[in-house]
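Undergrad: Dropping a structure here in structure tokens format, bear with me for questions.
Read-outs throughout are calculated quantities, based only on the coordinates presented, and are distinct from any laboratory measurement. If you're wondering where the values come from, they're calculated on a predicted model, not measured in any experiment. Because the Cβ atoms are built from the backbone with ideal geometry, glycine has one as well, and the counts that use them run over all protein chains shown.
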Amino acid sequence: MSEAPEHKLRRVGFSLGSNMGNRLALLERACDKLAEKFGALRLSQVYETDPVDCPEGSPSYLNACVEVETDMPAIEILDFCLQTENELGRVRGDVYGTPRTCDIDLLYCGDEIIRSERLTLPHPLLTERAFVLQPLCDIDPMLKLPTTDKTVAQLLDELPPEHSVVRFPL
């Protein structure tokens, strides 16, 4: 499937993560960049989480989710995420899951379903990750993605308690 040609105003979700440097400051800077680009943000709480699919000994993450409304095409949103990660010092290594200053994943763009070489929406691992589903529940526990009939709260409840997701004291 390819991107929908029409660009209507829709809810767009992001997952933010950092496990290098001043993690909280980096998440705040990512939110500032998103607000500059898209305007008002709906923000989750911040969570400290176990590293998932990362090399042994990787530090814990701070994770959060953000939702905006925009009519920007999904591929342009992806490009903005990659540019922002670079501006915040992210270096992509050869090993998957290496520590990073900032990770901004595009989770969903309204009801769009995209399967392309550069972008898959909704994010293919979203429904399997408590560190994404828990903060999404803060924003809207009744949110349903276009690929499932379950709410994000139901998806979270169905996950095994494999990885720690703990609210970070601010």
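Undergrad: Mean projection of the alpha-carbon convex hull of the stretch 90-158 over all orientations, in nm²?
TA: Dividing the Cα hull surface by four gives the mean projection, 5.5 nm².
Undergrad: Counting other Cβ atoms within 10 Å of each Cβ, which GluC sites (Glu not before Pro) in the stretch 54-109 have at most 16 and sit in a DSSP loop? Walk me through the numbers on the way to the answer.
TA: Working: sites: Glu56, Glu67, Glu69, Glu76, Glu85, Glu87; in loops: Glu56.
Sites meeting the loop and neighbour criteria: Glu56.
Undergrad: Can you give the calculated 222 nm mean residue ellipticity of the chain, where each DSSP H run of n ≥ 4 adds -39,500 (n - 2.57) and the sum is split over every residue, rounded to the nearest 500 deg cm²/dmol?
TA: On the way: 4 runs with 47 residues, N = 170.
The per-residue figure over the chain is -8500 deg cm²/dmol.
Undergrad: What's the longest uninterrupted piece of the chain once you rule out the trypsin sites (Lys or Arg not before Pro) that are loop residues per DSSP with at most 16 other Cβ within 10 Å?
TA: 9-91
Undergrad: Using 16 Å as the cut-off for backbone N distance, which residues of the stretch 100-115 belong to the label zone defined by a point 7 Å from the Cα of Asp53 along Cα→Cβ?
TA: Output list for this probe position: 100, 103-108.
Undergrad: While we're looking at this one, here's another question. Could you give the length gained on full extension between Glu162 and Ile113, defined as 0.36 nm per residue of separation minus the Cα-Cα distance, in nm?
TA: Full extension from Glu162 to Ile113 adds 14.8 nm.
Undergrad: Next question. Roughly how compact is the chain, stated as its Cα Rg over 2.2 N^0.38 Å to two decimals?
TA: 0.98
Undergrad: In whole Hz, with x marking every Gly and Pro, tabulate ³J(HN,Hα) for the stretch 145-151 from phi via Karplus 6.51 cos²θ - 1.76 cosθ + 1.60, θ = phi - 60°.
TA: 7, x, 9, 8, 8, 8, 7
Undergrad: Taking only C-alpha pairs under 8 Å that are 6+ residues apart, what is the relative contact order of the chain in percent?
TA: Reported as a whole number, the value is 30 percent.
Undergrad: I've got another one for you. Output ³J(HN,Hα) for the stretch 50-65: one whole-Hz value per residue in order, computed from phi by the Karplus curve 6.51 cos²θ - 1.76 cosθ + 1.60 with θ = phi - 60°, and x for Gly and Pro.
TA: Karplus values, whole Hz, x for Gly and Pro: 5, x, 10, 6, 10, x, 3, x, 5, x, 5, 9, 9, 10, 7, 10.
Undergrad: So which aspartates and glutamates can Lys150 reach, going by Cα to Cα under 20 Å and dropping same-chain residues fewer than 8 places off?
TA: Lys150 reaches Glu67, Asp111, Glu112, Glu128, Asp138, Asp140, Glu158.
Undergrad: Let me ask another. Quick one: 3J(HN,Hα) in Hz for the stretch 32-45, Karplus 6.51/-1.76/1.60 with θ = phi - 60°, rounded, Gly and Pro as x.
TA: Residue by residue, the stretch 32-45 yields 4, 5, 5, 5, 4, 7, 10, x, 4, 10, 9, 10, 8, 5 Hz.
Undergrad: Please quote Rg/Rh for the stretch 67-127 to two decimal places, taking the Kirkwood radius as Rh and restricting both calculations to Cα atoms.
TA: 0.97
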